[in-house]
Every structure is written in structure tokens, then in C-alpha cells.
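K.L.:
Quick one: structure below, then a few questions.
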Amino acid sequence: MNVRALFLIGCGAACAAPSAAQTYRIQPGEWSALGTPHPVLRFLEASDDFGSNAIVDLEVGEPAVAEVVNLDSVDHVLVIDDVAWAGVEIPAGDTVAFEWPALPLGSYRYHLDGERGNYLQASGVLRAGIDADHEFVWHVADLEAALLDTVAAGGTWNAATYTPDFFTINEAHYPHTLDDPWALVSVQLGDSAIISVANAGQMDHVFHFHGFHVEILQSTRSPERVGWLKDSVPVRRGEGLTLLLVPDQTGTYPVHDHNLIAVTNAGFYPGGMLTQIIVAP
């Protein structure tokens, strides 16, 4: 499939058919920072184990019926960054039916609004009309582990003193990113790979690709960058991006945040926002 042409023509009949109505759950749980558990929230598909937030797939340009169960102790509002959508109010302990909005082709960030939902990482990637043979998803975030405990207990975070010490792709840091088939880009020479990126962190990030340039196909924050072919790609806070990678050489190549602190785990290198591109002959 010519995925670049897919974007140029607006997807059309080539997109996958919409799935049946999906049920999600908002669930509190724990995330381990180098063996130390911290409270987090997740937005999960109803049938999934507690882990990474759900990847939401929609047909381009059409709303989709869904429902969500709030297993948290507080009310939440579900929103999508950079989209004119009223969102969904989800009272604690309640189940709410709703419609995902009709969206243009591309990748977006959804999340629970407010300090608790936002900082405790109830956030993920929503893809509208993405239908390629080789698809990858990077939901990236930065966090200060101790603040997870503070916010979960009803406290607040202060941007002026915020000092992130963990940096994740799909809620995992390197080397665990290599165990995630959504984060590890494994393709063959000449394949067209689509990478959907959404930044759930409190800061901007810049991804640097060794060995390759990628084309920016879509951006929710910087549409002027569409068509750029770059080896370093900025991802602003809350931004959704869709990238096209067509590898022209074989081998194993790192991809990482260009901010050096973001490739550490609590200051220890290597770690953080680091994954690989593996290209087979």
C-alpha cells in the first residue's frame, strides 16, 4: 500500500472498516520505576490487562460509538488535544456511553483532563484512518516518579520545580521498549512504515533517527511541517504526529530523544525514550 498516497487522497475506500462498539475502563494501578511502585491511572480496553494505555482506532471522518467504565474514585473528563470536541464527563463508578468524534486522517492524543488524569498518565494515541501493512505507535511521556505519589494523594505538581526523572514510550523505558512490538520498528528493506506519535509529557521532545530520514505526514500542532523529510522531529507537548519511514539500508539503528536527560532512567544511561529500527534484507 502506498501510505503517502493514502494521506494525499484522504484515505477513502482504502481504510479499514470501523470496528464494533468498544468498551474501555479507567483503572488505577501501579507502575514500577526501577522496582519502586507508584500509583498511576490507565485508560484501557475492557478486556486488556493493566499495562499500556489503549490504542484507539477509528475510521476516518466518522464518529464511533463506545462506552467507558470509571473504576477510579474521582470524576473524569475524556478529551482529545487539538480537537474541537466537548469531551465526555465520566463520574466515579459510573459507565458512560459516548461517541468518539469524526476526525481527519491522522494521529492524536486523547487523555483524561485535569491534574490527576493528566499527570497519572491516563492518556494514549488515537488513530483515525491509519491502515498500513507496517504500523507503529509511540505514546511518549516524561514524569517525576515522586510526583505520582503526590498527585495520587490529592496534591499538585509545580511546573517551576518539575524535575522529570523517567521518560517513556508506551509507558515503558529502555530497555523494555525493545520488548514492545509497537515501539520497536522491525521491517524489511524498502517497506513503508507508519509511526503514530503523541506526546503526553509536560515538555516538548525531539526524536532523532539514526540512519534514516522520516517524512512528516500529519501534525495536530505544526501543519506547516507536513512534507518535511527530517532525521530529527520535534514533538510538542500534546501534539499528535504521523510519520512515514521507508528504510533504504539494512541493519539496526537507534531512535532516541535528542535531549540527553531523556535517554536515562533516574539519571542512569542508557534508558528512557530510546528504541530501535531493525531492517532486514
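The values are calculated or read from the model by the stated rules, or taken from the named source; none is laboratory data. Predicted model only: the values in this text are computed from it and were never measured. For neighbour counting, all protein chains shown are included, and Cβ atoms are generated from backbone atoms with ideal geometry for every residue, glycine included.
K.L.:
Could you list, in sequence order, the residues of the stretch 46-62 that are surrounded by fewer than 15 Cβ atoms within 10 Å (Cβ to Cβ) and of a type outside the set (S, T, N, Q)?
P.N.:
ALA46, ASP48, ASP49, PHE50, GLY51 - these are the residues of the stretch 46-62 that are surrounded by fewer than 15 Cβ atoms within 10 Å (Cβ to Cβ) and of a type outside the set (S, T, N, Q).
K.L.:
Now a separate question. Modelled with pLDDT of 95 or more and part of a strand (DSSP E or B): does that describe VAL79?
P.N.:
It is true that VAL79 is modelled with pLDDT of 95 or more and part of a strand (DSSP E or B).
K.L.:
Mind listing just one residue for me: the one in the stretch 231-252 that is over 18 Å from the mean Cα position of the chain (by Cα) and crowded, with 16+ Cβ neighbours inside 10 Å and, of those, nearest to SER196 (Cα to Cα)?
P.N.:
Looking at the filtered set, the residue picked out is VAL246.
K.L.:
Still on this structure: Please go through (1) surrounded by 15 or more Cβ atoms within 10 Å (Cβ to Cβ); (2) without any contact (Cβ under 8 Å) to a residue 24 or more places away in the chain for GLY227 and return the number of the only condition it doesn't satisfy.
P.N.:
The single condition GLY227 does not satisfy is (1).
K.L.:
Still on this structure, please answer the following. Name, by its number, the condition in (1) surrounded by 15 or more Cβ atoms within 10 Å (Cβ to Cβ); (2) closer than 22 Å to TRP31 by Cα; (3) under 18 Å from the mean Cα position of the chain (by Cα) that does not hold for ILE194.
P.N.:
For ILE194, the exception is condition (2).
K.L.:
Yes or no: GLY124 part of a strand (DSSP E or B) and touching a Pro at 6+ places or on another chain (Cβ under 8 Å)?
P.N.:
No, not satisfied.
K.L.:
Does the stretch 91-98 include one or more residues that are of a type in the set (D, E, K, R), part of a strand (DSSP E or B) and in contact with a strand residue (DSSP E or B) (Cβ under 6 Å, 6 or more places away or on another chain)?
P.N.:
No, because not a single residue in the stretch 91-98 is of a type in the set (D, E, K, R), part of a strand (DSSP E or B) and in contact with a strand residue (DSSP E or B) (Cβ under 6 Å, 6 or more places away or on another chain).
K.L.:
Can you tell me which residue within the stretch 86-95, out of those that are surrounded by fewer than 16 Cβ atoms within 10 Å (Cβ to Cβ) and at pLDDT 95 or above, is nearest to SER219 (Cα to Cα)?
P.N.:
Looking at the filtered set, the residue picked out is GLU89.
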